[in-house]
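In what follows, a single structure is set out as structure tokens and then discussed.
The values are calculated or read from the model by the stated rules, or taken from the named source; none is laboratory data. All values derive from a computational prediction rather than experimental measurement. When we count neighbours, we look across all protein chains shown, and the Cβ atoms used for this are built from the backbone with ideal geometry, even at glycine.
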Amino acid sequence: MSFTLQFSLPSRPLIATNTTTLSPIRPVTNLRFKPAPPLSPPSLLIKPPLCASTQQRQLVVSGEDELKSINGAQEENVPLPVGLWRESMPKHVAVIMDGNRRWARLRGLPVDSGYEAGVKSLRAMVELCCKWGIRVLTVFAFSSDNWFRPKMEVEFLMSVLEEGVKEEMESFLRDNVRISVIGDLSKLQKSLVELIMHVEETTKNNTRFQLIVAVSYSGQYDLVQACQRIAMKVKDGVIEPNDVNESLIEQELETNCTEFPYPDLLIRTSGELRVSNFMLWQLAYTELFFAQSLWPDFGEAEFIEALRSFQRRRRSYGG
């Protein structure tokens, strides 16, 4: 695979770092969708496939010919790190990517530098998930509450998302990666909504790995929109009130886009000990791991620690 998940960060003025007091989530309409290293020379910007073997990585030198040889190379079964067991790997990992702004402030950098570093951490995690056999990764990219942040910051984040999807479309198709976006899209610009719908439709049959991006999302929103859909079916006579059960609600949640709607493991970075209105229904039996690292500093060692913690637990599901 050669999926690189590189985002081009548009040129913007520095983002204000003042925070805004959050207001309660308003009802919405479901539209249903470590310090950053210096820039490398152009010859070193070619990234290896996400599931690349050691031999494949050695092919990454410079130029298009090397990239073509990588894309045609046969994928190997990558050994797991010591202490991890393949049969006990989670199928679905969810991540609350917290700490980008704090990471930047601690270094005296503008907030957009923190988001840039966070994108690199996301790319690294996608690579590790693919190598180690994790089938689904859901990331909390932009919450419903984030709309109350400074306008310049919101616009910057939306532009990062839009440019990133445009640039990586070819990679998603080539590498058999499915992209899904969950959340209330009513506040997004029309061009971004159309792009999201296009990438979802174009990659819907890809089966190697699924990246679910939660944008303008909250767990409360997800439950409300599911209840509204069910209520309409009752109103239209499609179902009876007594037909409403857990299975029916699950079918109407936005995570119905995946074969594995319930995360096995939730990771939250930055030392915060809460789920922050994320996937409230889906996390009912999820194992939780809270990391002290800020998201841009969350790397392979921290991910291994989280997975080891997960594999040491006995999941009883209430039994």
- Task: Mind listing whichever residues of segment 206-236 are within 27 Å of Glu155 (Cβ to Cβ), among the hydroxyl-bearing types (Ser, Thr, Tyr) and not in a helix (DSSP H, G or I)?
- Result: Ser216, Tyr217, Ser218
- Here the qualifying pairs (Cβ atoms under 6 Å; residues six or more apart or on different chains; first in segment 280-302 and of a type in the set (Val, Ile, Thr); second surrounded by 19 or more Cβ atoms within 10 Å (Cβ to Cβ) and assigned to a loop (DSSP other than H, G, I, E, B)) come out as Thr286/Pro263
- Residues in segment 173-198 that are within 20 Å of Ala94 (Cβ to Cβ) and in a helix (DSSP H, G or I) total 1
- Message: Tell me yes or no: at least one residue of segment 193-203 is surrounded by fewer than 20 Cβ atoms within 10 Å (Cβ to Cβ), of a type outside the set (Phe, Trp, Tyr) and over 30 Å from Leu128 (Cβ atoms).
- Response: yes
- Query: Which residue pairs have Cβ atoms closer than 9 Å, lie 6 or more positions apart in sequence or on different chains, and pair a first residue in segment 208-233 that is at pLDDT below 95 with a second residue that is assigned to a helix (DSSP H, G or I)?
  - Reply: Arg208/Cys130
- Query: Does any residue of segment 237-254 turn out to be on the phi > 0 side of the Ramachandran plot, surrounded by fewer than 14 Cβ atoms within 10 Å (Cβ to Cβ), in the same structural domain as Asn205 (by TED's automatic domain parsing) and part of a loop (DSSP other than H, G, I, E, B)?
  - Reply: yes
- Give me the pairs: first residue in segment 114-142 and in the same structural domain as Arg308 (by TED's automatic domain parsing), second residue of a type in the set (Phe, Trp, Tyr) and part of a loop (DSSP other than H, G, I, E, B), beta-carbon distance under 6 Å, and six or more apart or on different chains, which are they? Val119/Phe7; Ser121/Phe298; Val136/Phe260; Phe140/Phe278
